[in-house]
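Each remark here refers to the structure printed beneath this line.
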Amino acid sequence: MAMTSMLLQAQGITKTFVEKAGELPTLRNVSVHARQGEFVSIIGPSGCGKSTLLSIVAGLVTPDEGRVLLHGNVVTGQAGLVGYMPQKDLLVPWRTVLDNVILSQEIAGVSRRAARAKAMPLIEGFGLGGFASAYPHTLSGGMRQRAAFLRTVLFEKEVLLLDEPFGALDALTRSTMHEWLLGVWNKLSKTVVLVTHDVDEAILLSDRVYVMTPLPGQVKAEFAITLPRPRLYDLVLTQDFLKHKAALLSALRDSVALAGAS
Amino acid sequence: MSAGRRVLPAATRTAPEGKTRRSSPLMAASSGYLISLLLGLIAIAIWQAVADFSSLKQWLLPSPWEVLQAFADSPALIMRHAAVTAEEALLGFGVALAIGAALAIAITQSRLAERALYPYVIASQAVPVIAIAPVLVVWFGFGLLPKIVVIVLITFFPVTINMVDGIRNVDPEMMGLMRSMGASRWQIFRLVQLPSAMPYFFSGAKVAAAVSVIGAIFGEWVGANEGLGYFLKYSSAQFLTARVFAAILVLAVMGLALFYAVAFVERKTIPWAKRARHTASQ
Ligand SMILES: Nc1ncnc2c1ncn2[C@@H]1O[C@H](COP(=O)(O)OP(=O)(O)OP(=O)(O)O)[C@@H](O)[C@H]1O
Ligand SMILES: [Mg+2]
């Protein structure tokens with residue numbers, strides 16, 4: 001039973017980048033997992049290998065050691081099985097917002113017409129109402145991220161890997177996005193692995209949070225966020241939230257200090 | 001509600017234009033052309049004055065008026081030769097676009113093709129076309145073919161080089177995103193690499209358009225019995241310098257026309273390139 005609910009696992013992932021300048025041990029024996037319908041965050045200082053871990057889980061980079069399992073099957077190095085939203089929005093300038101978000105549908109062989117018809121009803125819910133036929137450069141940063149997110153959702157996989165989707169946004173827009181994401185996530189019933197270095201974001205959105213160390217990235221701690229759902233943005237002001245925050249922050253600080261000492 | 005929201009992108013879109021409108025883009029553009037026209041007129045006036053007051057003979061320095069007369073004397077003759085050259089230039093240009101693009105695609109899609117072809121693509125530009133043109137005539141005769149070969153030889157290069165850069169310039173993360181969505185290599189090429197390379201392709205095509213006319217003249221110079229190159233050659237041999245200048249003017253107009261035709265097609269086929277550049281440079 002525990003095995004069947006374990007949707008996604010990365011086990012003992014180790015990766016060293018070999019450059020002309022020398023070897024860069026980036027990930028060391030990292031294991032993370034997500035159960036069906038779970039929202040998991042990975043938090044760590046900048047440059048600790050979070051994006052590398054996600055691209056390994058997405059099958060875009062092959063690890064030196066370790067494996068990735070989906071539904072208990074080994075899928076290491078296989079791309080195209082999970083939804084992946086990279087750090088940059090990567091909307092293409094020659095397609096309208098609508099045609100950008102249906103890119104994965106088109107790749108899957110769905111006709112443009114059918115894909116558009118499928119995407120159109122979602123446009124409004126993703127805060128892009130009225131912008132379907134606009135070009136990406138006319139969109140605000142927050143809207144671009146939502147378009148990129150909708151593109152990931154329309155790939156229609158159970159797992160979504162999100163790499164700092166709100167990292168480039170200002171604090172105000174980011175908090176609006178958090179509130180919005182809390183709302184849509186309920187309806188989407190997806191399993192999410194979110195990479196971030198924002199503590200509030202991790203606590204507010206997640207069921208579980210992994211804390212990583214600076215390079216080479218290792219998992220130093222794991223927290224269950226026991227705050228009840230549905231959550232609203234006001235939660236960040238509550239005593240419960242602050243307790244979680246204090247624990248997470250001290251774990252983060254310890255992990256950084258640990259790396260500095262070694 | 002959706003109508004109210006629609007206001008926003010429109011507003012952001014007009015913002016950069018609004019900035020330039022204060023200095024009136026229409027006036028700026030037309031005053032640019034006005035200056036261009038003025039420069040031309042000044043040059044012609046100086047030319048006319050020098051020709052009138054210097055002791056140089058007409059066959060050494062014909063005045064603009066005499067050039068105009070040379071054209072007016074035999075417009076049908078010049079235009080007949082011009083039509084031949086235009087046909088060669090257009091055909092050669094078309095073939096160069098096709099070959100140039102095909103080479104770029106081969107070079108970027110296959111490591112083997114890159115290693116096998118790229119050195120020759122670059123080495124081809126060291127070939128002194130003037131020197132081998134006579135040989136081409138021996139090989140291919142006096143017809144259209146040697147001219148096309150010369151034009152292609154000197155115009156495919158900017159197309160290929162620019163397009164290779166364009167295809168390679170695609171963000172590696174975009175390639176990763178496409179792979180993560182299960183895209184095949186063909187889909188990545190068709191949906192991402194090719195569209196992103198289009199602005200580069202057109203840059204190369206504009207260079208090729210401007211040069212293709214010269215290519216046609218090269219080809220005709222060494223072996224032809226019609227075309228502006230042939231006309232130029234025998235006119236200059238007879239010291240009909242005014243005619244030479246008249247033919248050169250016609251050539252210049254041809255080059256301009258071809259260049260602007262390509263620019264026009266570019267604006268029609270990839271309107272997004274200009275808009276995106278506009279925002280990127282803000
Ligand atoms: N393809 C690569 N080749 C070589 N080194 C790489 C490659 N990708 C990442 N790295 C290096 O691995 C380290 C971790 O990078 P990564 O992007 O995974 O960190 P991150 O935690 O996502 O950082 P950030 O929070 O800034 O996004 C960095 O030092 C980076 O330079
Ligand atoms: Mg990153």
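Read the figures in this text as sums done on the coordinates, not as results from a lab. All values derive from a computational prediction rather than experimental measurement. No Cβ is skipped: glycine too gets one built from the backbone with ideal geometry, and neighbour counts run over all protein chains shown.
Data overview
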{"read-out": "Alpha-carbon Rg with Dmax, taken over the stretch B:62-281, Å", "value": "20.7, 69"}
{"read-out": "Sequence-distant aspartates and glutamates (8 or more away, or on other chains) whose Cα lies within less than 18 Å of A:LYS187", "value": "A:GLU38, A:GLU124, A:GLU156, A:GLU158, A:GLU179, A:ASP207"}
{"read-out": "Along chain B, longest interval not containing exposed trypsin sites (Lys or Arg not before Pro), exposed being DSSP loop plus at most 11 other Cβ atoms within 10 Å", "value": "B:58-282"}
{"read-out": "Under 20 Å from the B:ALA252 label point (7 Å along Cα→beta-carbon), backbone N, the stretch B:205-222", "value": "B:207-218"}
{"read-out": "Ranked list, fewest to most other Cβ atoms within 10 Å of each Cβ, for B:MET174, B:MET79", "value": "B:MET79, B:MET174"}
{"read-out": "Sum of -39500 (n - 2.57) over DSSP H runs of 4+, divided by residues of chain B (222 nm, nearest 500)", "value": "-28000 deg cm²/dmol"}
{"read-out": "Vicinal HN-Hα couplings computed from phi for the stretch B:158-172 (Karplus, 6.51 cos²θ - 1.76 cosθ + 1.60; Hz; Gly/Pro x)", "value": "x, 5, 4, 4, 5, 5, 4, 4, x, 5, 6, 7, 4, 3, x"}
{"read-out": "From the C-alpha gyration tensor of the protein assembly as shown, square roots of 5λ in Å", "value": "63, 27, 20"}
{"read-out": "Estimated FRET transfer efficiency when R0 is 25 angstrom, pair B:SER184-A:ARG112 (beta carbons, to 0.05)", "value": "0.90"}
{"read-out": "Rg to Rh, two decimals, where the stretch B:122-222 supplies the alpha carbon set and Rh follows Kirkwood", "value": "1.18"}
{"read-out": "Long-range HN-HN contacts of A:LYS220 with modeled amide H, under 5 Å", "value": "A:VAL211, A:MET212, A:THR213"}
{"read-out": "Out-of-range pairs (alpha-carbon distance over 29 Å; input A:LYS190/B:LYS274; B:LYS57/B:LYS147; B:LYS57/B:LYS233)", "value": "A:LYS190/B:LYS274; B:LYS57/B:LYS147"}
{"read-out": "Relative contact order [Cα under 8 Å, 6+ residues apart], the stretch B:62-281, whole percent", "value": "30 percent"}
{"read-out": "Cross-link partners of B:LYS206 among aspartates and glutamates (Cα-Cα below 18 Å; sequence separation of 8 or more within a chain)", "value": "B:GLU87, B:GLU88, B:ASP165, B:GLU266"}
{"read-out": "Anchor A:LYS220: aspartates and glutamates whose Cα lies under 14 Å away (excluding residues fewer than 8 positions away in-chain)", "value": "A:ASP254"}
{"read-out": "Loop-resident sites, the stretch B:128-220, for chymotrypsin sites (Phe, Trp or Tyr not before Pro), counting at most 16 other Cβ within 10 Å (DSSP)", "value": "B:PHE142"}
{"read-out": "For chain A, built as a Gaussian network whose Cα springs stay under 10 Å, the top-fluctuating residue of A:TYR233, A:TYR210, A:TYR84", "value": "A:TYR233"}
